Amino acid sequence: MAFESILAGIAVADMQRARVWYSAFFDREPDRVPMATDMEWDFPGGSTVQVFKDEDRAGSSSATLVPDDLDAELARLAELGHQPKERSSGKFEVAIFEDMDGNRLVLAEPA
């Protein structure tokens with residue numbers, strides 16, 4: 001199986017709160033808002049994070065992102081008041097964040 005891109009979907013209950021939270025987390029506004037219930041952020045390599053309204057599934061999503069510099073991202077997020085809920089290390093350095101609905105955003109970097 002071959003893929004040209006990967007789209008990670010994250011279900012949220014409140015799009016306005018989600019836009020504020022994810023815009024701060026990703027350090028920019030969405031690349032697209034194709035409809036009132038969907039917003040998307042594109043990343044290098046053809047990856048996209050799609051945040052969409054689904055009150056029944058809000059809080060059940062998880063996405064793993066690999067930043068260029070985990071320490072720099074953690075420092076930037078800390079300045080915004082975002083602290084990881086969990087940290088672990090082994091073959092990867094991992095920081096787990098939760099949005100306002102309890103969705104997990106995992107930042108990971110090879111150790």
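I'm told residue 101 meets every condition in (1) acidic (Asp, Glu); (2) closer than 28 Å to residue 4 by Cβ; (3) surrounded by 15 or more Cβ atoms within 10 Å (Cβ to Cβ) except one. Can you identify the failing condition by its number?
The single condition residue 101 does not satisfy is (2).
Can you pull out the residues in region 80-97 that are in a strand (DSSP E or B) and either in contact with a Pro (Cβ under 9 Å, 6 or more places away or on another chain) or among the aliphatic types (A, V, I, L, M) (or both)?
92, 93, 94, 95, 96, 97
Of the residues 23, 47, which is of a type in the set (Ser, Thr, Tyr) and at pLDDT 95 or above?
Every option except 23 fails the conditions.
Tell me, yes or no, whether region 34-44 has at least one residue that is out of contact with any Phe, Trp or Tyr (no Cβ under 8 Å at 6 or more places or on another chain) and modelled with pLDDT under 95.
Among the residues of region 34-44, at least one is out of contact with any Phe, Trp or Tyr (no Cβ under 8 Å at 6 or more places or on another chain) and modelled with pLDDT under 95, which makes the answer yes.
Kindly evaluate residue 34 against the criterion of being surrounded by 15 or more Cβ atoms within 10 Å (Cβ to Cβ) and either farther than 14 Å from residue 99 by Cα or free of Cβ contacts under 8 Å to residues at least 24 places away in the same chain (or both).
When the stated conditions are applied, residue 34 does not pass them.
In region 31-73, what residues are of a type in the set (A, V, I, L, M) and more than 13 Å from the chain's Cα centre (by Cα)?
33, 35, 36, 58, 70, 72
Identify all residues within region 70-102 that are touching a residue at least 24 places away in the same chain (Cβ under 8 Å) and among the charged types (D, E, K, R); write none if there are none.
Listed by number, the residues that qualify are 73, 76, 99, 101.
Just to confirm my filter: which strands (runs of 3 or more DSSP E) fall fully inside region 1-79 and include at least 3 residues that are among the acidic types (Asp, Glu) and touching a helix residue (DSSP H, G or I) at 6+ places or on another chain (Cβ under 6 Å)?
In region 1-79, there are no strands (runs of 3 or more DSSP E) which contain 3 or more residues that are among the acidic types (Asp, Glu) and touching a helix residue (DSSP H, G or I) at 6+ places or on another chain (Cβ under 6 Å).
The values are calculated or read from the model by the stated rules, or taken from the named source; none is laboratory data. None of the values given here were measured: they were computed from a predicted structure. With ideal geometry, Cβ positions are generated from the backbone for all residues, glycine too; neighbour counts draw on all protein chains shown.
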